[in-house]
Structures are given as C-alpha cells and as structure tokens.
Amino acid sequence: MTNSPPNQPVPASTPTDLQATRPPVQISTTNSLPTQLPTQPPTTLPPPTLADAAPTADQTGPLTGMIAVNDVSKFFGSVVAVSDVRFAIDSGVTALLGPNGAGKSTLFRMMCGLTPTSRGTIEVLGADPRTDRNVRGRISLVAQQDALFDHLDALGMVTVSARSHGMDRPVEVARRALETVELSDVGAKPVGQFSKGMRQRAKVACALVNDPDVLIMDEPLTGLDPVQRRNMIALFHQLGDEGRCVLVSSHVLEEVARLGSRVLVIAQGRLIASGDYHELRSLMDDRPLRIRLGADNPRRLATALVGRGLVTALSLEAQHVVVDTLDADAIGRQLAPLALELGVRLTEVSPLDDDLESVFRYLVEGR
Amino acid sequence: MSLDTSPDAVPSERPRAGRQRVGNLDAVWLSFNVVIRQLTSRGRIIALTSLALVATVAGFALGRADADLEAAVRLVSALGFAVVIPVVALVFGGAAIGDLREDKTLVYLWLRPIGRWPIVVGAFLAAVALTAPITLVPVVAAAVLTGAGGGIVAATVLAGLVAVVAYCALFTLLGVWLKRFIVWGLAYILIWEGFIALGGAGVARFAIRKYTRSIIVDRTGVDLDLADFSTTTGVIVPLAVSVVALVLASWRLGRQDID
C-alpha cells in the first residue's frame, strides 16, 4: 500500500458550507485530542441549526454525482434516523463524520439499497442500488457490524465474495485482495478465530474483489492498530486516486483528519456541515475551550492567567481551576513557564470539552 | 449541498477487472454452498439426529411387539410426519435465510449482482439437503422395523420426501419473513397442525400433515381420520405450496431491510 497526496479541496460555495457559516479562523495544532463519543440513539428532529443542510434556491434541483443523495429522510416508526439529507459526491475519498447514532450507518444502508428511503432519492452511479442489479455489482460495502462467514478461512471468505460478483479467476482475485490488506499469510485459520483487526481487513478484502466504482465503508478503521490504520488510509487514498468514489465514516476526528480533505458532518440525522476538513478544524479550534488545571495553589495560578489575558472565564475550586480560553495554543505555551515562575506545582491539565460531542454541539447549537 | 458534481468528476474510464454476469444456476449453487456450511454445526446435527432416532427406536419397539399395519402407520404418521420431519425442517429451513439475516452475513449475498430467487432456492435446497437424510433415514427405518409390510415403507418414502420439500419451503419463507421464525414455526406445527387442523376437514386442508397422512393412507389402505386425499393430490398440493412459498420468499427478500 502506498500513500498518496490528499484530494483536492472542494469549493465552499453554498451557505451551508463551513466557510460560509463561520468567519475565517486561525488553525491551532494543540487542540487535537478528540476522543470517542458515548453512543446515542437516533433522535427526533432537532430544531433548525446554524449549518442546516437545506438547499438554497439554486440548489433545489436533483443533484448528480457518483453518489447523489437528494433530500433523503429515513423514519423508523416515529423516530427520525436521517432527516432531509442532501449532497452529492464523486471520485476521491470523502469522510462522513458523526457521533454514534448520528445516522451514518442508516445513510450507508440506504446508499447500498439495503433499506429504502422514507423520503427523497438516492442514486449511485445513476441508478437505484435497491432495484438495479448491475449497479450492485459496482458497489462495495464494508459494513460496521462484525459479520463474516466464520467457518471459512480468509481465502474462502473472499473467494465467495469474488464468485458472487462473477469475477474471472475468483481465487486469484481473492488472493490479490488479501495481499492488498496484508492478510495473505494467515493460512487456513477460520476467520471466526481472527482478531478484530484481521476481521476488519478481511471485510475490506471482500469489498475490493469486484473492483468497485463506489466503495462505502462504515467505520473500517475500528480495531486496527496504528500501522494498519496508516496502511489502510493510504489504500483508501490510492483507491480514490484511481477514480473510485470512496466514502468512509468515522466518529473519531483524528481519523477523519487523515482520511482526506473532504468531509460531511452528520449529527442527529441531519447533515450539519460539509466541505474542507481544514475549515472544519479551524472552526473547531476557534471555539472556546474549557480546561481544568490542577495545582497546589490554584488561586495564584488563576490570578496570573487572568492578568495575562489568557482566559475569558474561570471557576476556582480547592485543588484546581477551570478556565475558558479562546487561545489554547497560548495556554499550552505559557502555562509551564508561568507555573515555574510562580512557584506553583501543576498536577493536572485536562481539556474538558475536547471531544466530538462538544464539537458537534458547537457546530449545531453554537455553544 | 454538493461537494463535487461537475461533469468532469464522473467516474474515469479505468481498466476494470474481468467479470461475467452471474448466472442464476451459479447463484443457486453459490447460495447452496454458503448456506449449507452455515447450517452445519455439530451440535445441531447431533441434537436433530437424536430427535429423529426416537422414531426409529419406537418403530423397533413396535416391531418387537408384533403390532399390525394400522399401528405402524399411526406411529409413522404421529411421530415421523407430525414431529420429526416438521421440527427438523423448521430448524434448517427457517435458519437457511434466517440465520444469515440474524448474524448479518446476508449482505454478502444480497448486495451482489444476482437475483433474489437464486438466493432463496439455494438456501431452500441446502435445507432440504440436510433435512432429508437426518429425517428420512430414521423415519423410513422406523417403518421397516415395525415389520408391518403392506407398502408402508414405500408410502413413508414418498410421503417423507413430499413432507421434507413442503416443510423446508414453508419454513424458508418463515425465516425470510419473520425474525422469530422458530416460535412461529413451532406454533404452526404444534398449535395449527397439532390441534386446530384436527378440528375438521375444512381446516385440515390448510395443514401439510393432512396431505402426507393421505399419501400413507392411500398407499396402505389403513383408515385414518382427516386423510382422505388421493396420492396425486397429496403430492401435488404440497409441492404447489412449496413453489408459492419460494416465490413469496424471493419477493419478500427483495423488499426487506437488510442489516
């Protein structure tokens, strides 16, 4: 697997793009420790949001592209899993970012025809994958669920996939796919005995055998170690550079940072933002951050921080101070020298809202 | 909202790997192979074979007691055709698609350039391929061991084949349609066929058991209640029901949500 340059930036030309909804901001490199979110179930429709994905007057016609999602909603009874989502994507790698329960998997299932839309239309390569048999042969899905034919070995599993796509020389094709994901040397061990990372790679191999034009992958990096992640991301870029439409979901921001520059952000079933990852990152870095600083003399430390204009608000407690800041970089640079200068011993520096949930809350609700 | 919708972004013409259209028979064979491996677990085979051997043991005991033909027919009908074959067919037929759906592996057959009916037919054939030897051998052995003669063995083979096909098809449909196919299948076997359908000839027409009993009665001349069809009817109706069940299962598979 080889690495490749990121895809070209996408023009931010609509009111729903990040650049249009927020002022330009500086990019910080210190605010970079987002973590995984707690699971949240599909929810009922939230109120209209700042970065709502409703089309503008000149965007009311159907979109076209390798994947075209036009005003799609999905209801499960009274629960709205996906609400009025509208976008189109073409070749290259696009990341779909959202917390657990945001509607990513439901959207992917609709794109693959595994479940019908409740409202709106989805076209993949110009056709409905739920009814068009030929298009199903040009799509591949790496599903989120950990499902494989556990009694088969890796070659058998991937060969079944190749046969089901009618590939010439299916065993050879399967071997190549396994080599691509570095699973060619696992022998006859049943996939049921594979580790999580190996199972993920086997799923990706199954998805590669049909030489797909559209590759949809739901959290494909879950369970992979750092080296495997790097290799897998490089593979995704290579596939995108070959002209395929590669759509990858994640709820881990750092993964998205490495997946590519094009990002769709979904939360509570709505597409809340789309555009260039770096703009999203800038927007996130521009939001106020809350940090807890543990110290043996928090009052003295707090006074100094206020004096230097590094914080916008603070609350003082017995052994720590919680500060709000717009400049995490400056805090990061100056805190240690300041503590040394004051003779204060630091015991803790913890970002309190540096996770995706708070990012989404900021994007959606502006708080 | 569009990230890139320009005409230039339409998929480029890159070299593509060679492939052929998957024929229906190839798809049936593929589905058969996948499903039969999924269905075959040691515990399941041992448990169901043990159940089926109960009929054999009962037939042996009846033979030792010098029972007459009517007693032998009642035994085969009550144990083989009312319990062994339907229950084993429920486990394999229901699980043929139902297990794939439950363990989320159905997507590996569903999201493919193949039709729906070959998936269903392949799964059905896999269920038949497992149900037939596990049930027919012990049940026919039971008929032999009764020592009753009078054509009971040939009648058991014919009725058994019809029962295996019909129950497997019916329960394959159930596995496609319902998540709790075992519960609904047992309700059909125990409550509908075992209780309600015994209430009268009209209701009994909607029970497969009536047709298999009819075949045995027609071939042996023994008089049993609610078994008054000819062999021809006893064969054709269940097979027709099987075809309808498979068509419905295929239709349903194409329209249901897949995880």
Residues of A:119-131, mean number of Cβ from any other protein chain within 10 Å of their own Cβ, rounded to a whole number? 1
Step by step: find N for region B:23-253, compute 2.2 N^0.38 Å, then divide the Cα radius of gyration by it. What's the final number? 1.01
Averaged over its residues, how many other protein chain Cβ atoms are within 10 Å of peptide A:156-168's Cβ atoms? 5
Tell me, what ³J(HN,Hα) does each residue in region A:208-222 have, in order and in whole Hz, if you take phi through Karplus 6.51 cos²θ - 1.76 cosθ + 1.60 with θ = phi - 60° and put x for Gly and Pro? 8, 5, 8, 6, x, 7, 10, 10, 10, 10, 9, 6, x, 8, 4
Go ahead and run the numbers for FRET between B:VAL247 and B:ASN24, Cβ-Cβ distance against an R0 of 22 Å, rounding to 0.05. 0.95
Between B:ARG19 and residues 5 or more places away or on another chain, which pairs have amide H atoms under 5 Å apart, with H built 1.01 Å from N, and which residues are they? A:ASP168
Over the Cα atoms of region B:96-193, each weighted equally, I'd like the Debye log10 I(q)/I(0) at q = 0.11 Å⁻¹, rounded to two decimals. -0.43
Based on the Cβ-Cβ distance from B:ILE236 to A:VAL227, what FRET efficiency comes out when R0 is 51 Å, to the nearest 0.05? 0.20
For B:GLY254, the net charge from surrounding residues (Cβ-Cβ under 10 Å; K, R +1; D, E -1) works out to +4
Taking the convex hull of the alpha carbon atoms in region B:37-113, what volume per residue do you get, in Å³? 95 Å³
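For the cross-link pairs A:LYS189/B:LYS179; A:LYS104/B:LYS104; B:LYS104/B:LYS179; A:LYS196/B:LYS179, which exceed 22 Å when the distance is taken from alpha carbon to alpha carbon?
Pairs exceeding the cut-off: A:LYS189/B:LYS179; A:LYS196/B:LYS179.
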Expressed as a rounded percentage, what relative contact order does chain B have, with Cα pairs under 8 Å and six or more residues apart? 25 percent
Counting sequence-distant residues (5 or more places) and residues on other chains, those with an amide H built under 5 Å from that of A:ALA267 are A:ILE272
Take each of the peptides A:296-306, B:69-79, average the number of other beta-carbon atoms within 10 Å over its residues, and list them starting from the highest. B:69-79, A:296-306
Distance between region A:229-256 and region A:268-283 - C-alpha centres, whole angstrom: 17 Å
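Every number here is computed from the coordinates shown, using simple stated rules; none is lab data. From a predicted model like this one, the values you see are computed outputs, not experimental measurements. No Cβ is skipped: glycine too gets one built from the backbone with ideal geometry, and neighbour counts run over all protein chains shown.
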